[in-house]
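Report on one structure; see the data block that follows.
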Amino acid sequence: MVGVPLTEAEIAENGAVLHVFNQIRMNAKLVIDGADALTPEEEADLRAHRGDEMYIRLFVKRKRRERSRRERAEREVAKAAEWERERADREAKVRADRERREREAREAAAKPKPKPKAAGVIVRVSTEDQSRSGYSKQDQLNWAQVEAKRLGLELNEYVEEGGAHSDMLDREALNAFEQDVVDGKVGTLFLRYADRLGRGAVFTKLIEWLKAWQVRIICGDMPDAGDATDMLMSFYGAQGGSFLKTLRSRTKDGVRNARAAGKHVGGQLLGFRWEDGKWLPEQWALDLANNGGRSDLPKWQRQRAVQAINAYTAGPDAFNELLEKRRSSSRDRHMAARRRQEERNNDREGWLLAHRPIVIDRVAL
């Protein structure tokens, strides 16, 4: 403190001055000490004007303004210091983030890049007619090889030739592909034609399962257009089911029309030929039944041919009875095979469900 504050006795010499200072002290607006301490010149000036109330009031106002300017300057200094600290903190954070990203980039560059998953192509040729009409095995393989080379992926081939029904899940090549997906070996599927994967409900189930595994599907007969491709695949699934129904209906109609025209429908009868709407024995079969000729046939085939010749020789009733017995046996074997196939198909559907990853988001078909 530079000067000596006024004492109560000195201020009490003038009642008006005492009243002013008491008000100031009670309101804590001016403290006559510390930063607001009076200088010797101010003390002398106050003593000289102790009887002038207006002068005292103006003096107090001037001290208030001085204090306000000082406090404002201190606030500005404090605010500038706070801004400077915040700026320094921001710069330090930006610098730390940049250093972290650079460090992560260096670490990522130093790590060996993981080998991308291979691609797989499912090739399915059900009949010789498909091979002649653009569905050939080589055509599908050539297309997949070009696509794999374009994407820089290793290609695994899963080929199904003959006997692979499009509405079945129990297919050897398809099952091998599914196992490789689960094992993490394959991440992309090439299909020259979408129906090579399957038709109807089977197609929809497989697409959903592959989407859950995040397998990229590239079809040669539809554009690669994200959500639009998913919609097309959903449409293909429904269309494939309708196509199967139409195909089987036409097959039944064809069989019925062929029989009405006198043509033979079904398997061949060993040792006979179909001619003019009836079975006629081959000469080699007659020789076999009479004197045991043509020994190059397997034993079971020779026995069946001799059995048919003997029934044919015995008369039409015996021959027709044999044919009906064989048809019935063939139907029974076919139905038993279909039941076993359905059981395997159901088992495979359970396998797909058990090996389906859990996903949070709903997977689009």
* Asked: If you scan segment 104-120, which residues turn out to be charged (D, E, K, R), surrounded by 10 or more Cβ atoms within 10 Å (Cβ to Cβ) and within 26 Å of the chain's Cα centre (by Cα)?
  -> 117
* Structure fact -> residue 169: passes all of (1) within 20 Å of residue 353 (Cβ to Cβ); (2) in contact with a Pro (Cβ under 8 Å, 6 or more places away or on another chain) but (2)
* Asked: Could you say whether any residue in segment 88-95 is surrounded by 10 or more Cβ atoms within 10 Å (Cβ to Cβ) and in contact with a helix residue (DSSP H, G or I) (Cβ under 8 Å, 6 or more places away or on another chain)?
  -> no
* Structure fact -> Given the conditions (1) more than 58 Å from the chain's Cα centre (by Cα); (2) outside any helix (DSSP H, G or I), every one holds for residue 306 apart from (2)
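Only one of 164, 173 is modelled with pLDDT of 90 or more and closer than 18 Å to residue 345 by Cβ; which?
On the way: 164 fails: modelled with pLDDT of 90 or more.
Within the list 164, 173, the selection yields 173.
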* Asked: If you take the residues in segment 37-67 that are in a loop (DSSP other than H, G, I, E, B) and not β-branched (Val, Ile, Thr), which one is modelled with the highest pLDDT?
  -> 49
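Please find, within segment 54-75, the residue that is nearest to the chain's Cα centre (by Cα) out of those that are under 15 Å from residue 43 (Cα atoms) and surrounded by 12 or more Cβ atoms within 10 Å (Cβ to Cβ).
Within segment 54-75, the subset under 15 Å from residue 43 (Cα atoms) is 55-60, 62-63.
Next cut, surrounded by 12 or more Cβ atoms within 10 Å (Cβ to Cβ) only: 55-60, 63.
Values: 55: 87, 56: 85, 57: 82, 58: 82, 59: 81, 60: 79, 63: 76 Å.
Restricting to residues being under 15 Å from residue 43 (Cα atoms) and surrounded by 12 or more Cβ atoms within 10 Å (Cβ to Cβ), the top hit is 63.
One line per residue, one yes/no per condition, for (1) in contact (Cβ under 8 Å) with a residue 40 or more places away in the chain; (2) in a strand (DSSP E or B); (3) of a type in the set (Ser, Thr, Tyr); (4) not assigned by TED's automatic domain parsing to the domain that holds residue 205:
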position: 139; (1), (2), (3), (4): yes, no, no, no
position: 142; (1), (2), (3), (4): no, no, no, no
position: 145; (1), (2), (3), (4): no, no, no, no
position: 148; (1), (2), (3), (4): yes, no, no, no
position: 156; (1), (2), (3), (4): no, yes, no, no
position: 160; (1), (2), (3), (4): no, yes, no, no
position: 170; (1), (2), (3), (4): yes, no, no, no
position: 180; (1), (2), (3), (4): yes, no, no, no
position: 187; (1), (2), (3), (4): yes, yes, no, no
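Identify, please: which residue in segment 335-365 is small (Gly, Ala, Ser) and modelled with pLDDT under 90 and is, among those, surrounded by the most Cβ atoms within 10 Å (Cβ to Cβ)? Walk me through how you get there before you give the answer.
Pass one, segment 335-365, residues small (Gly, Ala, Ser): 336-337, 350, 354, 364.
Cutting the leftovers down to modelled with pLDDT under 90 gives us 337, 364.
Values: 337: 10, 364: 14.
Among them, the one singled out is 364.
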* **Flag if residue 79 is modelled with pLDDT under 85 and farther than 23 Å from residue 198 by Cβ** => no
* Structure fact -> All-but-one check, residue 123 against (1) at pLDDT 90 or above; (2) part of a helix (DSSP H, G or I); (3) assigned by TED's automatic domain parsing to the domain that holds residue 179, failing number (2)
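Can you say whether residue 124 is free of Cβ contacts under 8 Å to residues at least 24 places away in the same chain and of a type in the set (Lys, Arg), as far as the supplied structure shows? Steps first, please.
On the way: free of Cβ contacts under 8 Å to residues at least 24 places away in the same chain: no; of a type in the set (Lys, Arg): yes.
So residue 124 fails the test.
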* Asked: Looking at this structure, is residue 280 at pLDDT 85 or above and assigned to a strand (DSSP E or B)?
  -> yes
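The values are calculated or read from the model by the stated rules, or taken from the named source; none is laboratory data. Here the structure is a predicted model, which is why all the values come from computation and not from measurement. Neighbour counts are summed over all protein chains in view; Cβ atoms, including those assigned to glycine, are modelled from backbone coordinates with ideal geometry.
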